[in-house]
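Have a look at the structure below, then the notes.
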Amino acid sequence: MIADLENGLRALITEIVRKEVHAALAEVKALDQYLPTRVAAEVADVAPGTIRRWIREGRLASHHAGRVVRVRRADLKALLQIGTRQDMNDLTPEQLARRDFG
């Protein structure tokens with residue numbers, strides 16, 4: 001009776017651990033994806049031009065596959081977690097103008 005209970009608990013714990021490890025590995029794989037700017041914009045809920053501007057400003061690292069610009073999902077997630085509004089408050093009017101108008 002006790003042996004059956006122990007075996008049942010081992011099987012349950014093994015299954016739970018297996019699911020948690022699988023979920024953690026899937027998240028790591030997802031963060032390692034390289035997204036085109038259009039998809040990155042959809043993920044961030046911004047316009048593709050905003051992604052390109054963040055790349056120009058150095059806020060977001062870009063990777064090139066030929067002529068296609070890609071962004072790592074992990075880098076985008078880190079930028080979104082930091083928030084861009086705080087950075088804007090630290091910029092002078094001249095820096096804002098240079099950022100917005102080149």
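Between the residues Met1, Gln33, Val69, the greatest Cα displacement towards the positive end of the dipole of the chain, with unit charges on the Cβ of Lys, Arg, Asp and Glu, is found for Val69. Once the Cβ-Cβ distance of Lys77 and Glu42 is raised to the sixth power relative to R0 = 22 Å, the FRET efficiency obtained is 0.95.
Read the figures in this text as sums done on the coordinates, not as results from a lab. What you see is a predicted model; the values in this text were computed from it and never measured. Note: ideal-geometry Cβ built from the backbone for every residue, glycine included; neighbour counts use all protein chains shown.
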